[in-house]
Amino acid sequence: MGRKCHAGAALAVAFAAAAAAAVAADRGLSLVGAAVAPVEEEMSLFRKVANLMWRSDGNSYQHVWPPMEVGWQVVLGSLIGFFGAAFGSVGGVGGGGIFVPMLTLIIGFDPKSSTAISKCMIMGASVSTVYYNLKLKHPTLDMPVIDYDLAVLIQPMLMLGISIGVIFNVIFPDWLVTVLLIILFLGTSTKAFLKGIETWKKETIIQREAAKRLEQSAAEEAEYAPLPTGPGAAANQKTLSSDEAPSLIKNIHWKEVGLLSFVWVAFLVLQVTKNYTATCSPWYWVLNLLQVPVSVGVTLYEGFGLMSGKRVLSSKGSEQTTMKFHQVVVYGLFGIAAGLVGGLLGLGGGFIMGPLFLELGIPPQVSSATATFAMMFSSSMSVVEYYLLNRFPVPYAVYFTFVAFVAALIGQHAVRKLINWLGRASLIIFILAFMIFVSAISLGGVGVSNMVHKIARHEYMGFENLCKYDA
């Protein structure tokens, strides 16, 4: 694997060097031996490739915003968005893989505007999901279903990744986004599906063992076991099996919420201030770089607490051990990766965080709830950034955000009832894998279709110039 990575890196460096040489030659810089005909032909080819991949005279992006009219497109789009938000909120992925194709193919937005509105819908779904989850407790431990310490460890780096991803969204060509998306999503969906099968098998074994113990105890103590009588018997039994927290206020860890809110406000101030500076000016980059100490500082604060034993990832229960520094770094890198994917593709970071949390041994209910909690902060920040870039029409964004908000509440309630009835928390993992796979197919299909159309029309398919971006 290491040799393949080195070979790929060498090939990429060689291509970049050749392209740079071609651009230099195009600008009148002479190269030794340039008079040789075969070399001139090769350099001409490289110049064509370089010109295809990069233009320095401006930005080719132009948004397409259809008028907001009640018609079959809006009705069909609302239905697809409703089911996408319902299932996406359960899996903890937001549903962006459904929203972006719907907004592009049915409503008629351009891909990048669809990405921005998708973030608005993810924000709406995550806010309602977090409100719903605040009333629930951990399936096996006496703690909230949201692991606040895990969120504080991941979310600041997630938001830093979001900011980087939004910049890449402006720069990267659509074909590169499509390739990255297909590779990433097919891999994560396969991993999540295999994890779901493993969890399903464990649940089956646990249910069989519980049934055997119940039969044995019933046979041994049947004549001594009193029947549950009295008006309070049914209520007591329901209380024991309930997953609702006794108090909504006590179920919120205010210190951790305060830390996450501080990160959000700090990023908001930096983003608003950056909006009043010229793109690529010195102050523009200074304000961007100031996000690093904010996010890294909060993550390290939480990380040192976990390393010293003052804090624990309580959702792991008895499996919890004191974290090492390299583990904190790995968590932070995964947070950046999840945010980068979210900002670049207009998706929730849950597409990365969900499978990651499951691999770390976090129960499915806690994995989904914590990923959505972190996504609420990151998606709202993306909405602010896209709004400052003028990347979406406000009326459409408000409408589809409301649709996603209502859908997430209904989806959470329905799946929660189903899980309690079947006793299968692995359903959440299968929904997660299904949403990621569908997103890979739908977004990949849309991306390939756009590439074919651009090639047919001989349109520019290279990188955009961030410094000349003007939405």
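Values in this text are rule-based calculations from the coordinates and carry no lab data. Just so it is clear, the structure is predicted and the values come from calculations on it, not from any experiment. A quick note on method: Cβ atoms are made from the backbone with ideal geometry, for glycine too, and the neighbour counts reach across all protein chains shown.
Filter 137/417; 135/195; 135/250 down to the pairs with a C-alpha to C-alpha distance above 18 Å, please.
Over 18 Å Cα-Cα: 135/195.
In region 146-224, if every C-alpha pair distance is counted and binned at 5 Å from zero, what percent goes to each bin?
Pair shares across the bins are 3, 11, 9, 10, 14, 12, 10, 7, 6, 5, 5, 4, 3, 2, 1.
For residue 312, put the label point 7 Å out on the Cα→Cβ axis and report which residues of region 126-149 keep their amide N under 17 Å from it.
Only 138-149 pass the distance filter.
Rounded to the nearest 0.05, what FRET efficiency do residue 456 and residue 268 have when you use their Cβ-Cβ distance and R0 = 30 Å?
Here the calculated transfer efficiency is 0.10.
Hey, rough spin-label estimate for residue 280 and residue 301, points 7 angstrom out along Cα→Cβ, what's it come to in nanometres?
The answer from the label model is 3.6 nm.
Provide, in order from the shortest bin, the percent of all Cα-Cα pairs of region 155-197 in each 10 Å bin, continuing until the bin that contains the maximum pair distance.
Whole-percent P(r) values from 0 Å outward: 24, 35, 34, 7.
Take the Cα atoms of region 353-409, build their convex hull, and give its volume per residue in Å³.
Hull volume over Cα atoms, normalised by residue count, gives 85 Å³.
If amide hydrogens are placed 1.01 Å from N in the peptide plane, which non-local residues have theirs closer than 5 Å to the one on residue 136?
For residue 136, the qualifying residues are 145, 245.
Taking a ≥ b ≥ c as the square roots of the eigenvalues of the Cα gyration tensor of region 64-151, is the shape rounded (a/c under 1.5), prolate (a/b larger than b/c) or oblate?
prolate
Classify region 399-462 from the C-alpha gyration tensor, please: rounded if a/c falls under 1.5, else prolate or oblate depending on whether a/b exceeds b/c.
Oblate shape, in that a/c is at least 1.5 and b/c is the bigger or equal ratio.
Give a residue-ordered list of calculated ³J(HN,Hα) values for region 74-82 (Karplus: 6.51 cos²θ - 1.76 cosθ + 1.60, θ = phi - 60°; whole Hz; x for Gly, Pro).
In residue order, the calculated couplings are 5, 5, 5, x, 5, 5, 5, x, 4 Hz.
When the C-alpha atoms of region 364-471 are aligned to their principal axes, what extent does each axis show, in angstrom, from largest down?
Its Cα atoms span 55, 31, 23 Å along the three principal axes.
Could you work out the equivalent-ellipsoid semi-axes for region 132-187, taking the square root of 5 times each eigenvalue of the Cα gyration tensor, largest first, in whole Å?
One finds semi-axes of 34, 15, 9 Å for region 132-187.
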